[in-house]
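One structure follows; several queries about it will come next.
A short reminder: the numbers here are calculations on the coordinates, not readings from a lab. These numbers come from a predicted model, not from an experiment. So basically every Cβ, Gly included, is an ideal-geometry build from the backbone, and we count neighbours across all protein chains shown.
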Amino acid sequence: MSGSGGPLVVDWLAIAVNTISVLLAAWFVFSAFRKQPMNLPHIIGLGVLEVALVAQLVTAIVLLAGGDRPAELAVFISYLVSIVLIPPAAALWGLIERGKWGTGVIAAACLVIPAMMVRLQDLWAVGVG
């Protein structure tokens, strides 16, 4: 996500979100193979990811308020809002499904986030860059 309002801030934040998400996905896959249900350290990890995603959301809102606009604003906003909802939804699923599949679903959710972040970056770059 680069734009005239602060490309370095948003780019490094997107990299941080992707890195956290992929590392969490690997951890959740490992936990699933060990048949370990979601526990407090997992929830804390998802919380860290959520904080990074909320920071991304706030940054994007600030850039939008500053006048920067992606080409497809509605699609951009829908991705931006949806991506923030993934970790809480995954955590809820993990709490409900206490077997290995709960952590497996969370791993899959963590892998969806980087794909959505790339799409957000593409949408932003087309409209602003």
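Give the order of TRP27, TRP101, TRP12, TRP124 when sorted by the count of other beta carbons within 10 angstrom, beginning with the fewest.
The fewest-first ordering by Cβ neighbours comes to TRP12, TRP101, TRP27, TRP124.
Work out how far the C-alpha atoms of the chain reach from end to end along every principal axis, then list the three figures in whole Å, largest first.
Taking max minus min along each principal axis of the Cα atoms, the chain gives 48, 24, 19 Å.
Roughly speaking, what is the centre-to-centre gap between the range 36-62 and the range 103-127 when only Cα atoms are used, to the nearest Å?
Each part reduced to its Cα centre gives a spacing of 14 Å.
How high is the relative contact order of the range 7-128, in percent, counting Cα pairs under 8 Å that sit 6 or more residues apart?
43
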